[in-house]
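See below for the structure under consideration.
The values are calculated or read from the model by the stated rules, or taken from the named source; none is laboratory data. Keep in mind it's a predicted model, so treat the numbers as computed, not measured. All Cβ positions, glycine included, derive from the backbone under ideal geometry; neighbour counts span all protein chains shown. Surface areas here come from the heavy atoms of the whole protein model, side chains and all, with no ligands, DNA or RNA. Shrake-Rupley method; radii C 1.70, N 1.55, O 1.52, S 1.80 Å.
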Amino acid sequence: MRKAELGHHIIFAFMTSFFCFLCTKGLTQRYPGVLKDTLGRTKKSEQQYKNQRDLIDLAMMVIHKDPGTRLDSTNGINKKLHLSASPILEYTLSTELTTGIAAGGAFTTDITRTTNVSSFVGAIKYTQKHQLLVPIQSSVWSPANRYNFLGNWQYLNFPQDTYGIGGFTTVADRYTVNYKYVRFYEFALKQIGSNFYLGPGYQLDYHWNIEELGVPSGRVTDFDLYGFGNHSISSGMAIDIIYDSRANSINPEGGSAYANVEFVQNSRLLGSSSNWNSILIDLRKYFKVAHQSVLAFWFYGVLTISGNPPYLDLPGTGSDTYNNTGRGYEQGRFIGKRYIDLESEFRFPITRNGLLGGVVFCNAESVSELSNSQFEVVYPAFGAGLRIKFNKFSHTNACLDYGVGTKGSRGFFGNLGEVF
């Protein structure tokens, strides 16, 4: 298992915060909600903010600027449109070193009534493994939050390691699958009660120019046995229900909860390579603990109900929206028609000014076997991490975790915003 270098994460955190300061508004590459929370501000007094420190404050002090001026700059939160841009420097086990640029914006559809801030963010990334990634995400709130329109578009040119299907694969089974990929997800959710939203959506996953690389002559891989050839399409309608009581989705406070249940029916009538359906269950609960600490629990599962998803659409390690499940193992290390992951994390402050915090975590994941659809092997992992305050107004942390799995699997995992 390749390890990420600690220095890459530190450079990423500092450079991103510094350039965000130069652009005058904070930007996250992966979480449009950061813009929402930054512009909306919390109920904390200005004095409380003044006593807090984050990476942007440190960057201002390096160039001899007064961090206190940031409190004045937030007085313009009612502006209709906020735009920002930033370079990207990051490292993951599946991509190695990544560079690029991200840009985003935030706006309100109604400033006369209580309305969440809508946001969009996009990026162009190129990795050390010669991968090209172009993600675009959006969240648009109608006046008074009656509707929420969610979008997730992606283009990838992405060689990726794969190990085969099921929990009995080994590191020796690893080889590379190269492909091009387009994702188009759109949802329209209607408020049906306090913190409850329900609505339909459409999901398209299109892979083409799929080829196996580095496979020894004569070896028959799980990809060959599973079928679908050099291209695959998953195209289907979905229904989504969400409960979300979190005031801040980037760094949830104790006492809040989140639940998402999504059913997807992929159909040949819509161009899908096969008829198959699945259900996604995402449950999160946060408990208050003494001294501003939080104990968090996460259950994430994707269960194929009937049919056969294409190989590259099988759920597995890191297959959630932000590739966060299964710290301690490489993204895609385990895949199957059914996948479940259980995680717990204890989050605690280290410094009184909020600049540094820490976490300890453990998780356990399992995938179903192709022969009998049963969960037969559980892969646990544990680890610890450092939290560096990226933006004190949105409570966004730059996260660096070190996870240890079984059979020598281990490595650093970076994130902007809490893992869940």
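Sequence-distant contacts, meaning Cα pairs under 8 Å at least 6 residues apart, place the relative contact order of the stretch 82-205 at 17 percent. The packing ranking, built from the mean of other Cβ atoms within 10 Å per residue, places the peptides 102-109, 167-174 in the order 102-109, 167-174, highest first.
Ignoring everything except DSSP H segments at least 4 long, calculate the 222 nm mean residue ellipticity for the chain; use -39,500 (n - 2.57) per segment, divide by total residues, nearest 500. Let's see the in-between values first.
Values: 6 runs with 49 residues, N = 420.
Using -39500 (n - 2.57) per qualifying helix, the result is -3000 deg cm²/dmol.
Between V404, G301, G385, the Cα set farthest toward the positive side of the dipole of the stretch 265-420 (charges on each charged residue's Cβ, about the Cα centre) is that of G385. Taking the protein heavy atoms of the chain in the context of the full set of protein chains, the accessible area attributed to carbon and sulfur is 61 percent at 1.4 Å. The alpha carbon centroids of the stretch 128-180 and the stretch 293-338 are separated by 12 Å.
Amide H contacts of S94 (H built 1.01 Å from N, in plane; Pro and chain starts excluded): Q331 sit under 5 Å, all sequence-distant by 5 or more or on other chains.
Can you give me the span-like helices of the chain, meaning DSSP H runs with 18 Å or more of Cα extent along the axis and Kyte-Doolittle mean at or above 0.5?
Numbers: long enough: 6-22 (25 Å, 1.68).
Length and hydropathy pass: 6-22.
If packing is taken as the average count of other Cβ atoms within 10 Å, what order do 57-67, 301-311 fall into, highest mean first? List each step's numbers first, then the result.
Numbers: 57-67: 14.4, 301-311: 18.6.
Those peptides, ordered most packed to least, come out 301-311, 57-67.
Given axes a ≥ b ≥ c from the Cα gyration tensor, I'd like to know whether the stretch 164-295 is rounded (a/c under 1.5), prolate (a/b larger than b/c) or oblate. Mind dumping the intermediate values first?
Numbers: a/c = 3.22, a/b = 1.59, b/c = 2.02.
Here the stretch 164-295 falls in the oblate category.
Sort the following peptides by mean Cβ neighbour count (other Cβ atoms within 10 Å, averaged over residues), highest first: 149-158, 411-420. Can you show the working numbers first?
Values: 149-158: 17.0, 411-420: 22.2.
Highest mean packing first, the order is 411-420, 149-158.
When you filter the chymotrypsin sites (Phe, Trp or Tyr not before Pro) in the stretch 171-234 for DSSP loop state and at most 11 other Cβ atoms inside 10 Å of their Cβ, nothing is left.
Kindly write out, for the stretch 364-370 in residue order, the coupling ³J(HN,Hα) from the Karplus curve 6.51 cos²θ - 1.76 cosθ + 1.60 (θ = phi - 60°), rounded to whole Hz, with x marking Gly and Pro. Karplus values, whole Hz, x for Gly and Pro: 8, 10, 8, 10, 7, 7, 5. Taking trypsin sites (Lys or Arg not before Pro) across the stretch 326-420, the ones in a DSSP loop with at most 15 further Cβ atoms lying within 10 angstrom of their Cβ are R352, K407.
May I ask you to give the solvent-accessible area per residue for the chain, in square angstrom, as obtained with a 1.4 angstrom probe?
Details: 18590 Å² over 420 residues.
Ligands and nucleic acids excluded, the figure is 44 Å² per residue.
Checking every one of the GluC sites (Glu not before Pro) in the stretch 168-266 against DSSP loop status and a limit of 13 other Cβ atoms within 10 Å picks out no site at all.
Where [x] 32.7, 126; [y] 21.4, 69; [z] 21.3, 73 are the candidate values, the label of the one calculated here for Rg and Dmax of the Cα atoms in Å is [y].
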